[in-house]
Amino acid sequence: MDHNKLALPVGTTLDRFIMRKQEDFPYATGELSQLLRDIALAAKIVNREINRSGLIDIAGAYGSQNVQGEDQQKLDVIANIRFIRALRNGGEVCTIISEEDDEMIQTGNNQGKYVVAIDPLDGSSNIDVNVSIGTIFSIYRRVSPTGREGTAADCLQPGTHQVAAGYVIYGSSTMLVYTTGNGVNGFTYEHSLGEFFLSHPDIITPKTGAIYSINEGSSDSFSPGVAAFVQHCKDQQFSARYIGSLVADFHRNLLKGGIYVYPATAKNKSGKLRLMYECNPLAFIVEQAGGKSSNGTRRTMEIEPQIPHERCPFFIGSKELVEKAESFIANDKEACDHTPAPEPTPKKAVAAK
Ligand code: P6P
């Protein structure tokens, strides 16, 4: 008997993967690697608390609203504390933008070279009904000199300046998926060992797909272009899959092919999702996996942010599906922007010869 079969390898841990990939950056000093480890540590702690939320009194509403005017769940507040504490104690991050805090958070690490934008727990209204939820994060290098607090300029950088981005999905299994600009890799959490193991190396999203994710409850206020694209999906007999949790919808579409759309609606005139800590990080990942992300007309990562909690319309997923949606919107705009050509003056009838 091959003795190796007696003790099958457990695979590559996140730590070992990060160290190996660090060698890809010859001038890397290990600070970004440490930052990624800090995020993974907080994710393990949040994962444990989510899994226990039905058993200890941390489920349900916290009783306050976040800056977005949304009811905070207790786990929103807990996750926010966990990630901010891990980033503060890790020492690499000078400033944080969090969905749960109106103002920028200064960590006191004024020598820190990095800024993080984070949605600590997205989709948290699904916690009590056991639907998958997630954490989404973006990492930028600060542009201001070290030695002082981070500035608005450090935080309001376009998505093209991201040095890393990722998400954690707390679902049937807990996964961490991230990119540092050299492809996308997914790690699955092994509870018994307390480690993330490489389970989805070099993720590439299908060029097209047959899944569309959009809240059709808002269809009355879709623009004609968005409405036409949704009708196109129906005509193609695509599957409608929308579970009200961005990370879960995005992750499924990333692996199977599909498109997630949150357009401008009557209730959310600039869309609901936030540019800095929901749209940009997922846009970085999807582009690295061969997909596409835009606001319907412009590449998400090229949008110049004006405020920390800026919202934008969001079309993300398989490249061909996003481009199809953009084409319907472009036709719509032409229809709207195009001043109809003047009626041709009727030619005088030519007497039959
Ligand atoms: P709606 C959760 O609040 C979230 O930010 C995303 O996770 C999700 O896709 C979306 O909002 C759901 O919003 O308006 O369809 O309920």
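The values are calculated or read from the model by the stated rules, or taken from the named source; none is laboratory data. All values reported here derive from a predicted model rather than from experimental measurement. Note that each Cβ is placed from the backbone with ideal geometry, even for glycine, and that neighbours are counted across all protein chains shown. Protein only, heavy atoms only, side chains kept; ligands, DNA and RNA dropped before computing areas. Shrake-Rupley method; radii C 1.70, N 1.55, O 1.52, S 1.80 Å.
Some notes on this structure:
- Three-way shape call for the range 211-337 based on the alpha-carbon gyration tensor, with the a/c threshold at 1.5: rounded
- Solvent exposure of the chain amounts to 48 Å² per residue of accessible area, where only protein heavy atoms count and the probe is 1.4 Å.
- For E195, the residues 5 or more places off, or on other chains, whose built amide H falls under 5 Å of its own are E190.
- Which of M104, M1 is most accessible, then next, and so on - probe 1.4 Å: M1, M104
- Heavy-atom SASA rank of D101, D249, D220 (probe 1.4 Å, accessible area, largest first): D220, D101, D249
- Dividing the convex hull volume of the alpha carbon atoms of the chain by its residue count gives 217 Å³ per residue.
- When the charge dipole of the chain is built from unit charges on Cβ atoms (+1 for Lys and Arg, -1 for Asp and Glu) and taken about the Cα centre, the candidate among N47, H309, N331 whose Cα reaches farthest toward its positive end is N331.
- Here the range 93-112 and the range 294-311 have alpha carbon centers that stand 21 Å from each other.
- Set of lysines near K256 by C-alpha distance (under 19 Å), chain-local residues within fewer than 8 positions excluded: K207, K234, K292, K319, K324
- Shape category assigned to the range 11-200 from the gyration tensor of Cα positions, a/c cut at 1.5: oblate
- Centroid-to-centroid separation of the range 118-187 and the range 211-272 [C-alpha atoms, Å]: 22
- Lys, Arg +1 and Asp, Glu -1 on Cβ, resulting dipole of the range 11-200 about Cα centre, debye, nearest 20: 660
- S53 - accessible surface, heavy atoms, 1.4 Å probe, Å² rounded to 10: 10
- Remark: the range 169-185, residue by residue, has Karplus-estimated 3J(HN,Hα) of 10, 9, x, 4, 10, 9, 10, 10, 10, 8, 9, 10, x, 10, x, 10, 10 Hz, where x stands for each Gly or Pro and the curve is 6.51 cos²θ - 1.76 cosθ + 1.60 at θ = phi - 60°.
- Straightening the chain between D15 and T160 buys 49.6 nm, computed as 0.36 nm per residue apart minus the Cα-Cα spacing.
- Each Lys and Arg adds +1 at its Cβ and each Asp and Glu adds -1 at its Cβ; summed about the Cα centre, the chain shows a dipole of about 820 debye.
- Taking amide H as placed 1.01 Å from N in the peptide plane, M104 has no amide H partner under 5 Å among residues 5 or more places away or on another chain.
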